[in-house]
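Novice: Quick one: the structure is below, and I'll ask about it shortly.
The values are calculated or read from the model by the stated rules, or taken from the named source; none is laboratory data. Here the structure is a predicted model, which is why all the values come from computation and not from measurement. All Cβ positions, glycine included, derive from the backbone under ideal geometry; neighbour counts span all protein chains shown.
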Amino acid sequence: MEKLFKTIIFISFFGTLLAAPSSVPNLSKHPVVLIVSFDGFRSDYLTKTPTPHLTALMEEGVSVPYMSAQFPTKTFPNHHSMATGLYPDVHGITDNTVFDPLHNKRLSGFNDDPEFWNYHPDVLPFWLRNEQAGDGRISGCYLWSGSSQGYGPDGKLFPTYYLPTYDESIPWETRVEEVIGWITHPSKPANIVYLYHNEPDSHGHSYGTDDEETLAEIRRSDDRAGHLIQALKDANIYDRINLIFVSDHGMQSVHQTNIINTTLMADTSLYANHGGTPVYHILPNNSADLEDLYNTFKRESEGKNFTVYKKEEMLGTYNYGTNRRIMDILLLAEPGYGFEDMWRFSADGIAGVHGYDNRSPNMRALFIGRGPNFKKSYKLTAPISNLDLVPLFSRLMGVQEPPNNGSIDIIGGILDTSSSGVIITSGTFQFLFGLTFLVYQSI
């Protein structure tokens, strides 16, 4: 009778463990974050067309009114701000393409130029900070801007997992499969992974924000989110990781009648233009011509839907203007307008542009999160900045917060501080089985 009683207790106790999902993979002992960037996914795209997967995620997890991008609201500056927590003026990726006086040449992020990305040895993306914190922390980057390049004094610092070149032809399904493989790796599981997709930005550029082609691409982006969520569920890790969807900036439609031709305003032989719509970087060939060129453009801008700045005049509003890669004079088009370098328009005469004043509602970015370390069905009432991601990840990962321009004050409200974050891994399962058997033996 005593043996039967002991057996019943053992089966009952161990049965609780058996209720855990089968084939549960080991994850990092640290909180796990998968951050996904859908390029150019404007914050209000969720209301333009049905997005059931992202909407459900928002209702289950945490959301914000919007996430502010940094100026200029372009892809490379803002992905690097999300990765470093720094203003573009500080991290050095001041535009998608720049002129760098130190190297005396144009540099481009489109070419994966190492001199473009490794601006200063002290500017390190969080994926490197995470690994430098040690204790088994592992990072991965899948096509995230700047992740194929080395950083640090000798340019040889890379995350454990990354792709050596950018290749947007890689199918989404392949990206998801490989990223999950990094997170569930048996000996080196990643605790933070950055994943990127170039849509709906490309369609937004080609058709503007309201064309059915763009709306269909927004729905396909939502389908990609749905595929990822299902794949995480199939891998038995959906409820065990913190999943975040973000974007780098919004998008603005521009009609071809709203083009500003700057080439007729000043003598083009006196300067070089190192920018692109909607931000022109004007570098006088002779510094003695700076004042005359500035005054000429200033005079020509009156009533023409663009503003002229000396670089130092942008500091107060845009936190932008001290970096060597920012030229002496800047021309900034108003939202809805572009310069003469625009040439690609839809059949309706529309194109999509970003890069404008980051206070413009159409430049606002996306942020949605869900996971064991986030509150449930929680909506922040105040917007956040993409600079705040580094303070958030530092707090979440237990990594010393590096110097940054963000703040934990608002975004910290999404963290579920009441949760212990304890997750049953296969190792924990084996330990509990052994403990259960010892209890059985002692009865």
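Novice: Quick one: count up the residues across segment 69-107 that are under 25 Å from S139 (Cα atoms) and either small (G, A, S) or over 17 Å from the mean Cα position of the chain (by Cα) (or both).
Specialist: 6
Novice: Now for a different question. Could you list, in sequence order, the residues of segment 147-179 that are out of contact with any Leu (no Cβ under 7 Å at 6 or more places or on another chain) and closer than 16 Å to I192 by Cα?
Specialist: S147, F158, T160, Y161, Y162, E177, E178
Novice: In this structure, is S23 among the hydroxyl-bearing types (S, T, Y), farther than 18 Å from R220 by Cβ and at pLDDT 95 or above? Even if it seems obvious, please write down each step before you answer.
Specialist: Working: among the hydroxyl-bearing types (S, T, Y): yes; farther than 18 Å from R220 by Cβ: yes; at pLDDT 95 or above: no.
No: the conditions fail for S23.
Novice: Give the number of residues within segment 36-67 that are part of a helix (DSSP H, G or I) and either out of contact with any Gly (no Cβ under 9 Å at 6 or more places or on another chain) or among the aliphatic types (A, V, I, L, M) (or both). Spell out how you get there, then give the answer.
Specialist: Looking only at segment 36-67, we keep the residues that are part of a helix (DSSP H, G or I), and these are 43-47, 52-60.
If we keep only those that are either out of contact with any Gly (no Cβ under 9 Å at 6 or more places or on another chain) or among the aliphatic types (A, V, I, L, M) (or both) as well, we get 46-47, 54-60.
Within segment 36-67, residues that are part of a helix (DSSP H, G or I) and either out of contact with any Gly (no Cβ under 9 Å at 6 or more places or on another chain) or among the aliphatic types (A, V, I, L, M) (or both) number 9.
Novice: Here is a follow-up. What residue, of D234, D239, D248, is within 22 Å of G355 (Cβ to Cβ) and assigned by TED's automatic domain parsing to the domain that holds T94? Talk me through it step by step, then tell me what you get.
Specialist: Working: D234 fails: within 22 Å of G355 (Cβ to Cβ); D239 fails: within 22 Å of G355 (Cβ to Cβ).
Going through D234, D239, D248 in turn, just one is within 22 Å of G355 (Cβ to Cβ) and assigned by TED's automatic domain parsing to the domain that holds T94: D248.
Novice: Follow-up. Within segment 147-161, track down each residue that is part of a loop (DSSP other than H, G, I, E, B) and hydroxyl-bearing (S, T, Y). Lay out the reasoning, then the answer.
Specialist: Within segment 147-161, the subset part of a loop (DSSP other than H, G, I, E, B) is 147-150, 152-156, 158-160.
Matches in segment 147-161: S147, S148, T160.
Novice: Please determine whether any residue of segment 335-343 is more than 30 Å from I35 (Cβ to Cβ), charged (D, E, K, R), assigned to a helix (DSSP H, G or I) and touching a residue at least 12 places away in the same chain (Cβ under 8 Å).
Specialist: Here is the first cut: in segment 335-343, the residues more than 30 Å from I35 (Cβ to Cβ) are 336-343.
Checking the rest, the ones that are also charged (D, E, K, R) come to 340-341.
Adding the requirement that they be assigned to a helix (DSSP H, G or I) leaves none.
No, every residue in segment 335-343 fails to be more than 30 Å from I35 (Cβ to Cβ), charged (D, E, K, R), assigned to a helix (DSSP H, G or I) and touching a residue at least 12 places away in the same chain (Cβ under 8 Å).
Novice: Can you tell me which condition K29 does not meet? The list is (1) farther than 29 Å from G136 by Cα; (2) at pLDDT 95 or above; (3) among the charged types (D, E, K, R), and all the others hold.
Specialist: All conditions are met except number (1).
Novice: Keeping to segment 299-334, report how many residues are surrounded by 17 or more Cβ atoms within 10 Å (Cβ to Cβ) and either outside any loop (DSSP other than H, G, I, E, B) or over 28 Å from the mean Cα position of the chain (by Cα) (or both). Walk me through how you get there before you give the answer.
Specialist: First, the residues of segment 299-334 that are surrounded by 17 or more Cβ atoms within 10 Å (Cβ to Cβ): 300-301, 306, 308-309, 311, 314, 318-321, 323, 325-334.
Remaining after also requiring either outside any loop (DSSP other than H, G, I, E, B) or over 28 Å from the mean Cα position of the chain (by Cα) (or both): 300-301, 306, 308-309, 311, 314, 318, 328-333.
Number of matching residues: 14.
Novice: Right, next: Can G181 be described as within 22 Å of L27 (Cβ to Cβ), modelled with pLDDT of 95 or more and small (G, A, S)?
Specialist: Numbers: within 22 Å of L27 (Cβ to Cβ): yes; modelled with pLDDT of 95 or more: yes; small (G, A, S): yes.
Yes: the conditions hold for G181.
Novice: Related question: I'd like to check something: does segment 137-146 contain any residue that is surrounded by 19 or more Cβ atoms within 10 Å (Cβ to Cβ), within 17 Å of the chain's Cα centre (by Cα) and assigned to a helix (DSSP H, G or I)? Quick ask: steps written out before the conclusion?
Specialist: Here is the first cut: in segment 137-146, the ones surrounded by 19 or more Cβ atoms within 10 Å (Cβ to Cβ) are 137-146.
Imposing the further condition that a residue be within 17 Å of the chain's Cα centre (by Cα) reduces the set to 139-146.
This time we only want the ones that are assigned to a helix (DSSP H, G or I), so: none.
No: segment 137-146 contains no residue that is surrounded by 19 or more Cβ atoms within 10 Å (Cβ to Cβ), within 17 Å of the chain's Cα centre (by Cα) and assigned to a helix (DSSP H, G or I).
Novice: Need a quick list: strands (runs of 3 or more DSSP E) entirely within segment 239-298 having at least 3 residues that are crowded, with 17+ Cβ neighbours inside 10 Å and in contact (Cβ under 8 Å) with a residue 60 or more places away in the chain. Talk me through it step by step, then tell me what you get.
Specialist: Working: elements: 242-246, 252-255, 271-273, 279-284.
Hits in segment 239-298: 242-246, 252-255, 279-284.
Novice: Here's another thing I want to ask about it. State yes or no: is E115 surrounded by fewer than 21 Cβ atoms within 10 Å (Cβ to Cβ), assigned to a helix (DSSP H, G or I) and touching a residue at least 60 places away in the same chain (Cβ under 8 Å)? Steps first, please.
Specialist: On the way: surrounded by fewer than 21 Cβ atoms within 10 Å (Cβ to Cβ): yes; assigned to a helix (DSSP H, G or I): yes; touching a residue at least 60 places away in the same chain (Cβ under 8 Å): no.
No: the conditions fail for E115.
Novice: Shifting gears a bit: I'd like to check something: does segment 93-101 contain any residue that is assigned by TED's automatic domain parsing to the domain that holds K233, in contact (Cβ under 8 Å) with a residue 24 or more places away in the chain, buried (at least 21 other Cβ atoms within 10 Å of the Cβ) and under 22 Å from K156 (Cα atoms)?
Specialist: yes
Novice: So how many residues does segment 345-399 have that are surrounded by fewer than 18 Cβ atoms within 10 Å (Cβ to Cβ), in a strand (DSSP E or B) and either at pLDDT below 95 or of a type in the set (A, V, I, L, M, F, W, C) (or both)?
Specialist: Qualifying residue count, segment 345-399: 0.
Novice: Say whether the condition of being at positive phi and either assigned to a helix (DSSP H, G or I) or at pLDDT 95 or above (or both) is met by at least one residue in segment 5-17. Outline the logic, then answer.
Specialist: We begin by selecting, within segment 5-17, every residue at positive phi; these are none.
No, the conditions are met nowhere in segment 5-17.
Novice: If you go through segment 125-181, how many residues are touching a residue at least 60 places away in the same chain (Cβ under 8 Å) and on the phi > 0 side of the Ramachandran plot?
Specialist: The total comes to 3.
Novice: Still on this model: Within the group H120, H185, H80, which residue is part of a loop (DSSP other than H, G, I, E, B) and within 30 Å of L331 (Cα to Cα)?
Specialist: On the way: H185 fails: within 30 Å of L331 (Cα to Cα); H80 fails: part of a loop (DSSP other than H, G, I, E, B).
The conditions single out H120.
Novice: Does L157 fit the bill of being hydrophobic (A, V, I, L, M, F, W, C) and over 19 Å from F38 (Cβ atoms)? Outline the logic, then answer.
Specialist: Numbers: hydrophobic (A, V, I, L, M, F, W, C): yes; over 19 Å from F38 (Cβ atoms): yes.
Judged against the criteria, L157 is a match.
Novice: Answer yes if at least one residue in segment 190-200 is of a type in the set (V, I, T) and part of a loop (DSSP other than H, G, I, E, B), and no otherwise. Walk me through it before giving the result.
Specialist: So in segment 190-200, the residues of a type in the set (V, I, T) come out as 192-193.
Right, trim to part of a loop (DSSP other than H, G, I, E, B) and you get none.
No, there is no match, as no residue in segment 190-200 is of a type in the set (V, I, T) and part of a loop (DSSP other than H, G, I, E, B).
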